[in-house]
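Structure record follows, encoded as structure tokens.
The values are calculated or read from the model by the stated rules, or taken from the named source; none is laboratory data. Just so you know, these numbers come straight off a predicted model, no measurement behind them. Methodologically, a virtual Cβ is constructed for each residue, glycine included, from the backbone with ideal geometry; neighbour enumeration extends over all protein chains shown.
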Amino acid sequence: MNADILKKTAKQMIAQGKGLIAADESSGTCQKRFDAVGVPCTEENRRAYRDLIITAPGIEQYVSGVILHDETIRQTSFSGTPFAEVLPKRGILPGIKVDKGPVDLGLHPGEKVTEGLDGLRDRLAEYAKLGARFAKWRAVITIGPDIPSSACIRANAHAMARYAALCQESDIVPIVEPEGLIDGDHTIERSYEVTVAALAKTFKELAEQDVMPEGVILKASMVIAGKKAPKQSTPQEVAEMTVRALKESVPANIGGIVFLSGGQGDEQATENLNAMNKIGGTPWALSFSYSRAIQNPVLKIWSQDIKRNVARAQSALAFRSKMNSLAAQGTYASEMEKDHGY
Ligand code: 13P
């Protein structure tokens with residue numbers, strides 16, 4: 001493990017006003033997203049869509065890294081250069097999703113544990129050779145009346161800590177992502193409670209596995225009421241409670257924090273991030289690592305004519321990246337949404 005490389009990469013990932021684009025959807029998720037807009041989910045279409053994202057003009061001003069899927073890191077862009085080489089040429093770090101997805105947790109109906117540790121050391125060595133500088137592992141924490149159980153939180157936290165240790169051994173910065181799902185009708189207070197419990201356990205397990213905090217990025221879910229809750233959360237509530245939860249459970253010396261969008265609306269995810277950065281005073285940079293909240297308009301525009309709408313879709317990607325970059329600095333305002341120009 002080279003501590004300097006890890007610290008440097010983490011700093012680059014969370015550079016002022018920059019965040020990540022998550023473009024690492026599994027084939028199943030990709031199928032769902034493409035089905036929703038009527039584009040056949042073939043390998044060629046996935047490649048064309050990811051080419052659009054990775055080569056979008058201007059995004060390097062706002063984006064420090066792109067999280068790729070195993071399929072994409074092995075593919076070549078239309079220019080003939082592998083995607084994993086196109087990104088660093090633009091000053092963008094290539095990342096890789098390495099977990100194998102969530103499966104049902106034994107004896108715990110309705111709960112999941114993420115798999116993917118078997119053979120991970122060798123896979124990481126290969127990804128490092130292919131150019132990956134950071135990795136992602138997503139754990140799913142479902143919120144319900146009697147869940148998550150401590151068994152679920154612990155199993156996921158332990159797996160993430162073992163993953164993070166293996167990443168650091170390969171000089172790859174681990175993103176740990178314990179995602180409290182927004183699905184359900186839970187209150188924001190309940191989301192707070194679950195978020196704190198999951199984060200505290202995750203960082204306890206990371207410390208037990210001797211993972212170097214400065215070389216870890218947390219991908220957090222925001223503290224927010226469930227999508228079906230009668231009382232929805234305002235940006236101010238989300239910001240205050242998320243910042244409080246993070247201060248309560250995340251060590252001050254980790255590399256930084258990025259958020260997932262988790263099914264929030266595009267502008268809602270931007271507004272909530274902005275509200276957090278307006279509060280400020282956190283020991284970490286707070287930025288974005290969105291998939292849906294950045295890609296929704298992009299996929300929609302592209303799907304209307306996948307041959308001719310590439311440039312328009314790319315300007316939508318650059319625009320949403322810019323809005324989120326401003327939100328990462330607390331300087332976004334919703335009026336700016338009028339100037340999108342696509
Ligand atoms: P969403 O922003 O769509 O939640 O996706 C982020 C992500 O990468 C989940 O792992």
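List of remarks:
- Of all the residues in the range 259-273, those that are over 21 Å from residue 142 (Cα atoms) and more than 11 Å from the ligand (Cβ to nearest atom) number 6.
- Restricting the first member to the range 112-130 and to residues that are among the small types (Gly, Ala, Ser), and the second to residues that are part of a helix (DSSP H, G or I), the beta-carbon pairs closer than 8 Å and six or more apart or on different chains are 116/159; 116/163.
- Residue selected from the range 292-332 under the condition touching a Ser or Thr at 6+ places or on another chain (Cβ under 7 Å) and more than 26 Å from residue 281 (Cβ to Cβ), by the criterion nearest to the ligand (Cβ to nearest atom): 292
- From 253, 274, residue being among the polar types (S, T, N, Q) and part of a loop (DSSP other than H, G, I, E, B): 253
- From the options 299, 326, 286, residue that is surrounded by 17 or more Cβ atoms within 10 Å (Cβ to Cβ) and either basic (Lys, Arg) or touching a strand residue (DSSP E or B) at 6+ places or on another chain (Cβ under 6 Å) (or both): 286
- Residue pairs meeting the criteria (Cβ under 9 Å; at least 6 apart or on separate chains; first under 15 Å from residue 27 (Cβ atoms), in the range 54-78; second acidic (Asp, Glu)): 68/24; 69/24; 69/25; 70/24; 71/43; 72/24; 75/43; 75/51
- Filter pass, residue 335 being assigned to a helix (DSSP H, G or I), over 21 Å from residue 24 (Cβ atoms), among the acidic types (Asp, Glu) and in contact with a helix residue (DSSP H, G or I) (Cβ under 6 Å, 6 or more places away or on another chain): no
- Residue match in the range 59-77 (condition: in contact with a His (Cβ under 9 Å, 6 or more places away or on another chain), in a helix (DSSP H, G or I), modelled with pLDDT of 95 or more and within 15 Å of the ligand (Cβ to nearest atom)): no
- One residue from 242, 234 being of a type outside the set (Gly, Ala, Ser) and crowded, with 19+ Cβ neighbours inside 10 Å: 242
- Residue in the range 25-45 that is modelled with pLDDT of 95 or more, within 15 Å of the ligand (Cβ to nearest atom), under 18 Å from the mean Cα position of the chain (by Cα) and not in a helix (DSSP H, G or I) present: yes
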